[in-house]
Each structure stands twice: as C-alpha cells, then as structure tokens.
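Since the structure comes first, as structure tokens, the remarks are kept for the end.
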Amino acid sequence: MNDKIKMGVVGLRFGDAVISGQIIQGIGHPYVQLCGVTDLNAAVARSRSERYNVPHFATYDDMLADKSIEAVGIFTPPAGRADMVRRAILARKHVMTTKPFELDAGAALSVLNEARNIKRVVHMNSPSPLLPPDWQQVETWRRRYKLGRPIAANFSTWASYREEADGSWMDDPKRCPAAPIFRIGIYSVNDMVRLMGPAASVQVTTSRLFTGRPTPDNAQLTLRFKNGAIGGIFASFCINDGNFYADAVIVNFENGTIYINAQPPVGPSDHIQLHLVMADGKAAHTMDRVTIPLAQRAGTYQWDNFYHALREGTSQDTLTPLQVAEGIAIVEAMYRAEASGMAETVADPEQLAMASAVA
Ligand SMILES: NC(=O)c1ccc[n+]([C@@H]2O[C@H](COP(=O)([O-])OP(=O)(O)OC[C@H]3O[C@@H](n4cnc5c(N)ncnc54)[C@H](O)[C@@H]3O)[C@@H](O)[C@H]2O)c1
C-alpha cells in the first residue's frame, strides 16, 4: 500500500513494542508508516528515533504541530488520556490508542463524542471498533439458536509476574485499581459491556501473594448488570502454568452455554475454540463449535479498519462512545469498591459528562 497512514507515536515503553511488533513489521505494517516518536524521557525518544530512522520530537505538542503527521499512536498511561486525545483531534489528527482508554468515564465520553462531531477517528484495541470474530460468533449463535437472554458470564485471565515496586502508575491504586483487573482483566470488562450492556454495581476482592508492588496481584470482580445478568472476572499475576493470558470465558444464556477457550490447552496453538452447549432432551449436547485465529481475538489492534476509516472516510464501527465510557464507569466503581470493601454503584457516564461540562 503506498498511501499508508503517517503516524507519530507518543509513549515509548509499550508503544515501542507496538512499533517494533506491529508497525515496522506485523499486522499494522501494511497500513501504517512510522513518521516520528516522542516521550517525556528524551534519551528514550532519541534512541528510538535512531533505531527506527525517524525524527524525534521534543514534546507531544511539537509532534502534533507537524502537518505531515496524520495520526498519532498514544501509548502513555491511561490517566489523562482524554486530554491527550483532545489535543490530537484539535490538531486534526486521528488517533490509535490502547486499553484502558481512560480512568474518567465522563472525560472519555466527552472526548469521543467531540471526535465524532469533528470527524476524527479514535480507535483503541479494547473495546475494539468492530466486534472481534470471537464475539461476532457469540452474537451469531445467540440469534441462530435463540439462546435467549444472557444470565451470567465468567472470565478468567492469568499470567505469572513477580514484579517489584517502581513508583509507576502500576503501584498506585488510584491510577491502577484492583491492579490485575485493570491491567489484564480490562479486556473482559469491555467485552462484558458489549455483551450485557451497562452495569449497575460492582464488588471486588483482591489479595497480594507474590508481588513486590503495593497493589494486588490476585483479584476477582463481580458485576451486576442493569439487565439482571451477573458477571465475574478473575485476573491474576500469580499463576505459572505456562498458559499465560489464557482468557477462558463461559457465557450462560437462558437456553445454552458458550465456552470460549475454556478447556485445557493441548499444546501451543494459534487458534482458540468456541463451543455451544444446549439441551438435547435431558442431556447436554455440543450443538456447534468453531475455531478462531488467536491473532484476531478480542484485544487486537484493528489497523485495517483504522486505515479504511481514514482513507474511505466511512466508518463501519459498531462501538459507541457510550460503550467505551460504560467500561470506564465500571473501573471507577471498582476503585471505590476496592477502597470501601463494599458493593458500589456504577455511575451513568452521560450524567458524569454533563456534570463536568457544567462545572
Ligand atoms: N495492549 C496491550 O497489550 C498493552 C500491553 C502493555 C501496556 N498497554 C497499555 O499501554 C499504556 C502504556 O503502558 P506502559 O506500560 O508503556 O506505561 P509506562 O508508564 O511504563 O510508560 C509510558 C511511557 O509514556 C511516556 N509518557 C507519559 N506521558 C507522556 C507525555 N505526556 N508525553 C510523552 N511521553 C509520555 C513515559 O515517559 C513512558 O516512557 C497503558 O495504557 C497500558 O495499559 C497495553
């Protein structure tokens, strides 16, 4: 493709992995060309500029002032991301960014609505603009087999980290609430909102088993959705079974249960399996099964869609700004629940956005 999107990248820790693994080569390479980098750490910015043979900018605003840059990849920490996005869209840039989009649901909703109004594209990996193939499959089965209303969903994701405190946002319960949920369970929060709609209340249980950080490394979030469904998200950095980021999901509907990646691994695989189990008389019966390439699972960056949205000016996005903000409202309530040890009500992002506009 000779009209790749000219992108500058800000935030060069995880952002550096995105550059090397997705832009210089990988799934973003056909669609995006790296045209500059910046980071608060000038030495890091200089070294990446040399490594990738692109200019480095002294500040983010300097990058935004460069007319040749059409889009920015924002890979800074989540707190204050809405402001970074606003500065970008006011400079007429499009944005690709990462999870968690923000910590402030009202600020997130306002900036995503502003971007729509001025026709700037703002995409992120989770929640992704288009429903990823695993969740498309769930929706297909839901309709085809008349599964009825969702009753419950349980998500588990784990890894093995043995981290030390480093003074970063990951050490701060305000900027990283119920840490494993915020850091790796956030995909599940976003997927649940898409499946169940807005949540009414949350409760959280956490523990610290191996971590040297002051934040937990083992956590369970329970959600009650406005439609009456119940969700559970377990996320942990404590489990060394070789099956990292296993991300197993069980979704119960009135008339059937869907298992996503919810069986022991039989060895390394670049696919995940989905099974639909329904009643056959009095017995359980696997009604349908499919495999989905791991690379297309929920949480991947939809660079192709980003390209089409920019170049063709027509967005096929099914994600709404409100759905993004509803996930963040859950995170806000999770922060309060971690501090109080009680069930906490999930706020309505539209009311939060209105309240901060009036203030
Ligand atoms: N999608 C994924 O798989 C994945 C994986 C890891 C991290 N992340 C996400 O990426 C984001 C960043 O995570 P991280 O671990 O790299 O954080 P980090 O705090 O380790 O690094 C952030 C970098 O951004 C720079 N930075 C911060 N504010 C800046 C500003 N205003 N201008 C220029 N540079 C600035 C910092 O100097 C630092 O180098 C988080 O939202 C995190 O959840 C996503």
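Note on the stretch 135-165: residues that are open to solvent by less than 60 Å² (accessible area, probe 1.4 Å), free of Cβ contacts under 8 Å to residues at least 40 places away in the same chain and under 21 Å from the mean Cα position of the chain (by Cα) amount to 1. Every condition in (1) open to solvent by 30 Å² or more (accessible area, probe 1.4 Å); (2) closer than 24 Å to Val193 by Cβ is met by Gly106 except one, and the failing one is (1).
How many residues are farther than 20 Å from Asn305 by Cα and either within 13 Å of the ligand (Cβ to nearest atom) or not assigned by TED's automatic domain parsing to the domain that holds Met96 (or both) when one looks only at the stretch 21-56? Residues in the stretch 21-56 being farther than 20 Å from Asn305 by Cα and either within 13 Å of the ligand (Cβ to nearest atom) or not assigned by TED's automatic domain parsing to the domain that holds Met96 (or both): 14 in total.
Matching residues to (1) at pLDDT below 95; (2) surrounded by fewer than 22 Cβ atoms within 10 Å (Cβ to Cβ); (3) in contact with a Gly (Cβ under 6 Å, 6 or more places away or on another chain):
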{"position": "Asn227", "(1), (2), (3)": "no, yes, yes"}
{"position": "Asp247", "(1), (2), (3)": "yes, no, no"}
{"position": "Ile250", "(1), (2), (3)": "no, yes, no"}
{"position": "Asn255", "(1), (2), (3)": "no, yes, yes"}
{"position": "Asp270", "(1), (2), (3)": "yes, yes, no"}
{"position": "Asp288", "(1), (2), (3)": "no, yes, no"}
{"position": "Arg336", "(1), (2), (3)": "no, yes, no"}
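Within the stretch 1-15, being touching a strand residue (DSSP E or B) at 6+ places or on another chain (Cβ under 8 Å), farther than 15 Å from Tyr60 by Cα and either among the hydrophobic types (A, V, I, L, M, F, W, C) or near the ligand (Cβ under 10 Å from one of its atoms) (or both) holds for one residue alone: Ile5. I want to confirm something. Restricting to the stretch 119-130 and keeping residues that are within 21 Å of Gly8 (Cβ to Cβ) and away from the ligand (no atom under 14 Å from the Cβ), which single residue is surrounded by the most Cβ atoms within 10 Å (Cβ to Cβ)? Residue satisfying both the conditions and the ranking: Val122. Considering (1) out of contact with any Ser or Thr (no Cβ under 7 Å at 6 or more places or on another chain); (2) open to solvent by less than 30 Å² (accessible area, probe 1.4 Å), the lone condition that Ile233 does not fulfil carries the number (1).
All told, Glu50 meets the bar of being surrounded by fewer than 21 Cβ atoms within 10 Å (Cβ to Cβ) and among the charged types (D, E, K, R). When the stretch 291-349 is filtered for residues that are without any contact (Cβ under 8 Å) to a residue 40 or more places away in the chain, out of contact with any strand residue (DSSP E or B) (no Cβ under 7 Å at 6 or more places or on another chain) and on the phi < 0 side of the Ramachandran plot, the ones remaining, listed by number, are His308, Glu312, Thr314, Thr320, Ser340. The single condition among (1) open to solvent by 70 Å² or more (accessible area, probe 1.4 Å); (2) closer than 30 Å to Met342 by Cβ that Ser168 does not satisfy is (1). Just to be sure before I move on: is Arg116 open to solvent by 10 Å² or more (accessible area, probe 1.4 Å), part of a loop (DSSP other than H, G, I, E, B) and more than 15 Å from the ligand (Cβ to nearest atom) in the structure I sent? Against the criterion (open to solvent by 10 Å² or more (accessible area, probe 1.4 Å), part of a loop (DSSP other than H, G, I, E, B) and more than 15 Å from the ligand (Cβ to nearest atom)), Arg116 does not qualify.
Of the residues making up the stretch 60-86, those that are within 12 Å of the ligand (Cβ to nearest atom) and more than 20 Å from Phe14 (Cβ to Cβ) are Asp61, Asp62, Leu64. Considering only the stretch 65-86, I want to know if a residue exists there that is surrounded by fewer than 21 Cβ atoms within 10 Å (Cβ to Cβ), basic (Lys, Arg) and without any contact (Cβ under 8 Å) to a residue 24 or more places away in the chain. Checked against the condition, which is being surrounded by fewer than 21 Cβ atoms within 10 Å (Cβ to Cβ), basic (Lys, Arg) and without any contact (Cβ under 8 Å) to a residue 24 or more places away in the chain, the stretch 65-86 yields at least one hit. Residues that are in a loop (DSSP other than H, G, I, E, B), more than 22 Å from Thr320 (Cβ to Cβ) and touching a helix residue (DSSP H, G or I) at 6+ places or on another chain (Cβ under 7 Å) within the stretch 175-215 comprise Arg175, Cys176, Pro177, Ala178, Arg213, Pro214, Thr215, listed in sequence order. Applying the selection to the stretch 292-350, what residues are of a type in the set (Asp, Glu) and in a helix (DSSP H, G or I)? Of everything in the stretch 292-350, those that are of a type in the set (Asp, Glu) and in a helix (DSSP H, G or I) turn out to be Asp304, Glu326, Glu332, Glu338, Glu350.
The values are calculated or read from the model by the stated rules, or taken from the named source; none is laboratory data. All of these numbers come straight from a predicted model, not from anything done at the bench. As a convention, Cβ positions derive from the backbone with ideal geometry for all residues, glycine included, and neighbour counts pool all protein chains shown. Accessible surface areas use protein heavy atoms only, side chains included; no ligands, DNA or RNA. Shrake-Rupley method; radii C 1.70, N 1.55, O 1.52, S 1.80 Å.
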